Amino acid sequence: MSYFWINLLLIIAVLLLVGVFVFFKLTDKKDLPDKKVTDERKYNLDALTEYVKRTLHEMTNSNLYDLGLSAEEFRRRKNKRAELKKALKGCTSGDINDKNYVKFFIFDLLLKTYGLNDLNINLVIPFEDRQRLSPQDKFEILLYHFKKKHGYNALAELIKKYDLDSTKHVIEEGKTPSYIITAQEIELIFKKEVRRLLFEDKLHIIVQRIYQTYKGFSVIDEIRDMNIDGISGGVSGLPASFIQQTGEFELYAKQMKKPVPKSHDSIWLFYRGKSIHLQCISFGSELELKRVCQNIYKYNNPGQLSESNGFKVNEMKDGSRVVVVRPNFAESWAFFVRKFDVPNASLEQLIRDPGAELPITLIQYLVKGCRITSVTGSQGSGKTTLLMAMVRYINAAFNIRVQEMAFELHLRKIYHDRNILSFRETDTISGQAGLDVQKKTDGTVNILGEVATDPVAAWMIQMSQVASLFTLFTHHAKTFRDLVFSLRNSLLKTGMFNNETIAEQQVISVINFDIHLKRDFDGKRYIERITECVPLDYQHLPYPEDFKAANTLEEKLDRFMSTATEYFKRTTDRQWFESRNLVEFRNGEYVAVHPLSDRNLHEMCEHMSAEDEQAFRDFLQANWGATPLES
């Protein structure tokens, strides 16, 4: 009987011990972090970005000698690290190849070492829960979706397919229709286009988000690479300086009675001559906009952007022009990226309206005839691209010298076998000094990317007279008369001339033709007119001298007054040139208007081969109907 009680006591003791053990186990588990919370902390964009930054820093800065590697492995890792360092440095300058290398490196890093799978990848971005996706998420997924099929034409195809570049009638009173892409439009397009995403697609989208936060240009990173005309940021919305004035901003926000966009919400796309506001995406904060502005201009170390030097003009690795401004020079941080369509820089691609053959052929002969020609028009009208296309018809034996404020033309990318050298202004070398150097570089043809300052305009006139066979340049003049007067005023401001009449005569003796481009409100670009400058040579006409034959003093005085009147007419308000439009754009097509002057005809034929001269005369005969004079 005693054994029975002993066994019973032992069983009870064991059960108590098991109960105590289970109790403490359960109690300890309550203190452990919840697995769901742990996953949310590990699988989010901030954690992944920090992991990528830390890992890449370790890979590029670790001491390889401490790893005890073999000679072959040491060499392999050293080369790989050097390649990664080069890509990390070059990807911030607009180099697509370096960018893709860094992105693929991050892709492999996350795929092989971070433990992402089909389930936890949705914690980073909620791909499967579309209600939780932000407008930025949907826009970037859409862009990736179109890029898989259309490459760098993805954004253009998206805009074209859904007519996103059409005007939107803003309901607010007093506002005119404008070009806007809203979050609601992106939502509708997302529902139509995006179905199920594969794991690899999701990872590529996450990698792009990490890259643009770490090394890229925030939300505009992929947009900047697309085949567009340009993109800008920080140019609308309330500047940070106003927001920091707490009392005034709160009062303003109450008066508006709706969310007020800020400068970091400002992203504007320049597409086919239209400025389109991308309301669907934002930089998120002023610090992010500032970061983009401080990094986007750094290619080739152009100097520091500072309060004392509040703007920078530079180019990027892919040839696009970038302008960055900052306070106090500007009211907010802002940037402007302008891209040029180098592959399509041909007259046939640029001029497509009915009758396009007329301006295309005339422009070709203007270049072959070595005429000093200006390309004028407003910003974004296509002056630089047209100038690129015109270079094709310069005699291949002529050496070309280019002067620009920032490298934009990149003519050697298009014309690989030509003798072309470009110069640009720097902090220590002015445009005037650059043009002076060009005289000593065996140049035959001079091209000025933009006549924007008085010294450059004055040197352009002088260079066209004595330093080159002919000159091509761009200018922002609205009419041919404005062009002449602007260049005349530049000669006067620089002190080269003191007399308006003499300065004007110098200008009209230099400029032969003007090609004026226009951009309509809907972004349509075309050549509004091609104008010939015809000098009116009054100075070669003799003054009336019939007063010498008068018999009486009264008759002499009377006739001498006619001579004096003629003199004052010539030296005051007499017009010294006539602008004749050879070609105009009327009712949607190009038409021939006035015929070419005999003077320019003869001078152009002198620079052409016999075949070109005959073809040119046939062209004039066919379109203007006048029989050209034989040389």
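Since every read-out is calculated from the coordinates, none of them should be taken as a lab result. Only a predicted model underlies this, so the values are computations on that prediction, with no experimental measurement involved. Positions of Cβ are backbone-derived with ideal geometry, glycine not excepted, and every protein chain shown enters the neighbour counts.
Set against the 2.2 N^0.38 Å expectation for a compact globular protein, the chain has a Cα radius of gyration ratio of 1.36.
Couplings for region 334-339, taken from phi via the Karplus curve 6.51 cos²θ - 1.76 cosθ + 1.60 with θ = phi - 60°, read 7, 9, 9, 9, 10, 10 Hz in order; Gly and Pro are left as x.
In terms of other Cβ atoms within 10 Å, R326, R401, R130 run from fewest to most in the order R130, R326, R401. Normalised by 2.2 N^0.38 Å, where N is the number of residues, the alpha-carbon radius of gyration of region 391-445 equals 1.14.
Roughly what % of DSSP beta bridges within the chain run antiparallel, to the nearest 5? Write down the numbers at each step before the final one.
On the way: 42 of 66 bridges.
For the chain, the DSSP antiparallel bridge percentage is about 65.
Between the Cα long axis of helix 135-150 and the first principal axis of the chain there is an angle of about 70°, rounded to the nearest 10. For region 383-475, relative contact order (Cα pairs under 8 Å, six or more residues apart, normalised by length) works out to 32 percent. Overall shape of region 410-538 was characterised from the C-alpha gyration tensor. The equivalent ellipsoid obtained from it has semi-axes of 24, 22, 15 Å, in decreasing order.
Against the 2.2 N^0.38 Å scaling, with N counting residues, where does region 100-205 land? I'd like the Cα-based Rg ratio to two decimal places.
The value comes to 1.30.
Coupling constants for region 79-94 follow from the phi torsions by the Karplus curve (6.51 cos²θ - 1.76 cosθ + 1.60, θ = phi - 60°), and in residue order they are 5, 5, 5, 5, 5, 5, 4, 4, 5, 5, 7, x, 5, 7, 10, x Hz; glycine and proline get x. What angle, in degrees between 0 and 90 and rounded to the nearest 10, separates the Cα long axis of helix 610-624 from the longest principal axis of the Cα atoms of the chain? Approximately 90 degrees, to the nearest ten.
Counting every Cα pair in region 37-156, what percent are over 19 Å apart? Provide the component values of the computation, followed by the final result.
On the way: 4470 of 7140 pairs.
That fraction is 63 percent.
Between the amide H of K439 and any residue lying 5 or more places away or on another chain, no distance stays under 5 Å, with hydrogens modeled in the peptide plane.
A straight line joining the Cα centroids of region 50-129 and region 481-496 runs 57 Å.
Over region 550-613, what is the relative contact order in percent, taking alpha-carbon pairs closer than 8 angstrom and at least six residues apart?
Details: 20 pairs, mean separation 9.7, N = 64.
With pairs under 8 Å counted, the relative contact order is 15 percent.
Suppose only helical runs count, i.e. DSSP H with n ≥ 4. What mean residue ellipticity at 222 nm does that imply for the chain under -39500 (n - 2.57) per run, divided by all residues and rounded to the nearest 500 deg cm²/dmol? Let's see the in-between values first.
Values: 25 runs with 295 residues, N = 631.
The per-residue figure over the chain is -14500 deg cm²/dmol.
Counting alpha carbon pairs within less than 8 Å and at least 6 residues apart, what relative contact order, in whole percent, applies to the chain? Display every interim value, and only then the final one.
Numbers: 900 pairs, mean separation 58.6, N = 631.
Averaging sequence separation for qualifying contacts and normalising by length gives 9 percent for the chain.
Once you reduce region 180-231 and region 374-397 to the center of their Cα atoms, the two points are 34 Å from each other.
Take a quick pass over region 434-568 and tell me how many lysine pairs come in under 30 angstrom between Cα atoms, counting only ones 8 or more apart or on separate chains. Numbers along the way, then the final one.
Working: K439/K493; K440/K493; K478/K493; K478/K518; K478/K524; K493/K518; K548/K556.
Total qualifying Lys-Lys pairs in region 434-568 comes to 7.
Scalar couplings 3J(HN,Hα) for region 216-224, obtained by applying the Karplus form with A = 6.51, B = -1.76, C = 1.60 to θ = phi - 60°, are x, 10, 6, 5, 8, 4, 6, 5, 4 Hz; x denotes Gly and Pro. Angle of helix 199-214 to the longest C-alpha principal axis of the chain, folded into 0 to 90 degrees and rounded to 10: 60°.
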